[in-house]
Amino acid sequence: MFVAKSIAADHKDLIHDVSYDFHGRRMATCSSDQSVKVWDKGDDGEWHCTASWKTHSGSVWRVTWAHPEFGQVLASCSFDRTAAVWEEIVGESNDKQRGQSHWIKRTTLVDSRTSVTDVKFAPKHMGLMLTTCSADGVVRIYEAPDVMNLSQWSLQHEISCKLSCSCISWNPSSSRAHPPMIAVGSDDSNITYSGKVQIYEYNENTRKYAKAETLMTVTDPVHDITFAPNLGRSFHVLAIATKDVRIFKLIPMRRESANSSGPTKFEVQVMAQFDSHNSQVWRVSWNITSTLLASSGDDGCVRLWKANYMDNWKCTGILRGDGSPVNGSGHAAALSAVGVPVAAQMVVGAASAGRKKAQLMPG
């Protein structure tokens, strides 16, 4: 049976992000109280706070985990114009904290002149790379050339997006047919600029990122964006949280000639659009097989969306902020039926409702 749990996170201000690690056994939360907390799932299934520390001198907007191949590594970003990388280490034998783990700051990235609004690690196959985006409209890509020394990060790329950036997502595809690709969302409220989502692709010849596509139909501020896991598909699927939930399919067009050096052209299709939240949508998150999408909005609900065999997307479950299902047990049954280890980095309505509890959707 599906169970929703409420955790007293004890943050002193709004929680802005919740992030699970690769295995779903660890979780990080961040808040306007300038702190990050790390939670571990015990054998009893309960979540226990194992670390809490002040990370920035402003609100912490996002926190994210690196792949465990690179160790226990977190990145955070903040209104204080910086991003930071944190690593968990176990105390040495001559250390007062012998055998105990603690988190230390490995580096602070200070290139942005404005609030750093999102931070994401690149897919594992690209090595240890970190991307940030800022309110100044710049996406920055950093690389750790030596994964054993996380204090050294070099700025590899700066992409000017012309619009204030709010969120980023890497395309996770490891196919050689798909160059590295980043989707960038903007929460710029200037309505004269249409196309609040831009897709950038790495060009092997120029060794730079170039704009491949702008989703012109997205004209409202974008709060979250995420590529679906790619399990061998030739096309890409992108979910967007704006005043509604949208799912786009990006189909690479065949190149005119083999030596064409420009960015890939895409056929863009709208797979689904839902305004069921009747409010701003703040987070969207896929499960690992990309068969289920979770969204959370200012209505205080997490909604689950699933496609049938005809590729028609339907709402398959609704949870209120307190974890109770809407419309009785029917939705609870549906939730358990679709197997919800949704890797849902869901903070239910946190951005405006002022909630200080993390609402979890454990597997």
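Between ALA51 and SER261, what is 0.36 nm times their sequence separation minus the Cα-Cα distance? Round to one decimal in nm. Intermediate results must be reported in sequence, preceding the final value.
Values: separation 210, 0.36 × 210 = 75.60 nm, distance 4.80 nm.
Contour length minus Cα-Cα distance gives 70.8 nm.
Trypsin sites (Lys or Arg not before Pro) within region 5-75: which are DSSP loop residues with at most 14 other Cβ atoms inside 10 Å?
On the way: sites: LYS5, LYS12, ARG25, ARG26, LYS37, LYS41, LYS54, ARG62; in loops: LYS12, ARG25.
Sparse-neighbourhood loop trypsin sites (Lys or Arg not before Pro): LYS12, ARG25.
If I model a spin label as a point 7 Å beyond the Cα along the Cα-Cβ vector, how far apart are those points for ASP44 and ILE251 in nm?
Distance between the two pseudo-spin positions: 5.4 nm.
For GLU143 and MET310, calculate 0.36 nm times their separation in residues minus their Cα-Cα distance, and state this gained length in nm to one decimal. Before the final figure, lay out each step's value.
Working: separation 167, 0.36 × 167 = 60.12 nm, distance 4.15 nm.
That pair, GLU143 and MET310, stretches by 56.0 nm at full extension.
Can you pick out the pairs among LYS37/LYS120; LYS37/LYS105; LYS105/LYS162; LYS211/LYS249; LYS5/LYS37; LYS5/LYS120 whose Cα atoms lie more than 21 Å from each other? Please report the intermediate quantities before stating the final value.
On the way: LYS37/LYS120 18 Å; LYS37/LYS105 14 Å; LYS105/LYS162 31 Å; LYS211/LYS249 17 Å; LYS5/LYS37 17 Å; LYS5/LYS120 26 Å.
As for pairs spanning more than 21 Å Cα to Cα, those are LYS105/LYS162; LYS5/LYS120.
Work out how far the C-alpha atoms of region 1-73 reach from end to end along every principal axis, then list the three figures in whole Å, largest first.
39, 30, 18
Loop-only check: which GluC sites (Glu not before Pro) in region 185-220 are DSSP coil with at most 13 other Cβ within 10 angstrom?
Numbers: sites: GLU201, GLU204, GLU213; in loops: GLU204.
Of the GluC sites (Glu not before Pro), the ones in loops of region 185-220 whose Cβ has at most 13 other Cβ atoms within 10 Å are GLU204.
Between ASN278 and ARG113, what is the label-to-label distance in nm when each label sits 7 Å out along the Cα-to-Cβ direction?
4.4
Which aspartates and glutamates have a Cα less than 12 Å from the Cα of LYS265, not counting those fewer than 8 places away in the same chain?
Partners within reach: GLU201, GLU213, GLU256.
Taking the simple approach of a point 7 Å from Cα along Cα-to-Cβ for both HIS102 and SER234, what is their distance in nm?
Calculated label separation equals 5.6 nm.
Mind listing which GluC sites (Glu not before Pro) in region 51-140 are in a DSSP loop and have 15 or fewer other Cβ atoms within 10 Å?
GLU92
Which value, in debye to the nearest 20, describes the size of the charge dipole of region 130-288 about its Cα centre when Lys and Arg Cβ atoms bear +1, Asp and Glu Cβ atoms bear -1, and nothing else is charged?
That gives a dipole near 400 debye.
FYI, it's all coordinate maths here, none of it is from the lab. All values derive from a computational prediction rather than experimental measurement. We place every Cβ from the backbone using ideal geometry, glycine too, and count neighbours over all the protein chains shown.
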